[in-house]
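Reading through the structure tokens given below for one structure.
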Amino acid sequence: MASSDAQDADKAKGLLIAVRRFNFVALCHMMKDILMHLVLLSKHFQREDLDFSTAQPMVENTKEAMRELIVHPGPSEAEFFSSLQGNKFLTVTLKNKPLMT
């Protein structure tokens with residue numbers, strides 16, 4: 001029983017280290033912006049009364065939104081970067097923050 005608890009503690013510590021990495025947190029915020037657009041497209045395609053004449057424009061709008069996210073950060077990513085204070089995000093110290101040029 002004790003070795004199982006120790007293994008669980010080691011796994012939890014490993015996960016904590018992983019989720020405190022700068023790249024992980026930044027990627028989560030970027031993915032939130034991406035998924036916001038993909039959810040809208042997905043819900044559009046799941047409608048029982050789907051009008052296929054609206055499908056192509058919806059796909060094109062989503063593609064354009066993705067292109068825009070490449071050039072300009074979305075609201076979640078922008079909020080993440082504006083909330084950074086050195087290597088701290090809110091109350092969490094992030095590890096492995098790349099140097100910003």
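Overview of values
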item	result
Residue satisfying all of: in the stretch 18-45; part of a helix (DSSP H, G or I) and not hydrophobic (A, V, I, L, M, F, W, C); nearest to N87 (Cα to Cα) among these	N23
Output for the stretch 46-89, where each listed residue is in a strand (DSSP E or B) and surrounded by fewer than 10 Cβ atoms within 10 Å (Cβ to Cβ)	Q85
Test: residue in the stretch 31-51 that is of a type in the set (A, V, I, L, M), modelled with pLDDT of 95 or more and either closer than 23 Å to T91 by Cβ or touching a strand residue (DSSP E or B) at 6+ places or on another chain (Cβ under 7 Å) (or both)	yes
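The values are calculated or read from the model by the stated rules, or taken from the named source; none is laboratory data. This structure is a prediction, so every number in the text was calculated from the model and none was measured. A quick note on method: Cβ atoms are made from the backbone with ideal geometry, for glycine too, and the neighbour counts reach across all protein chains shown.
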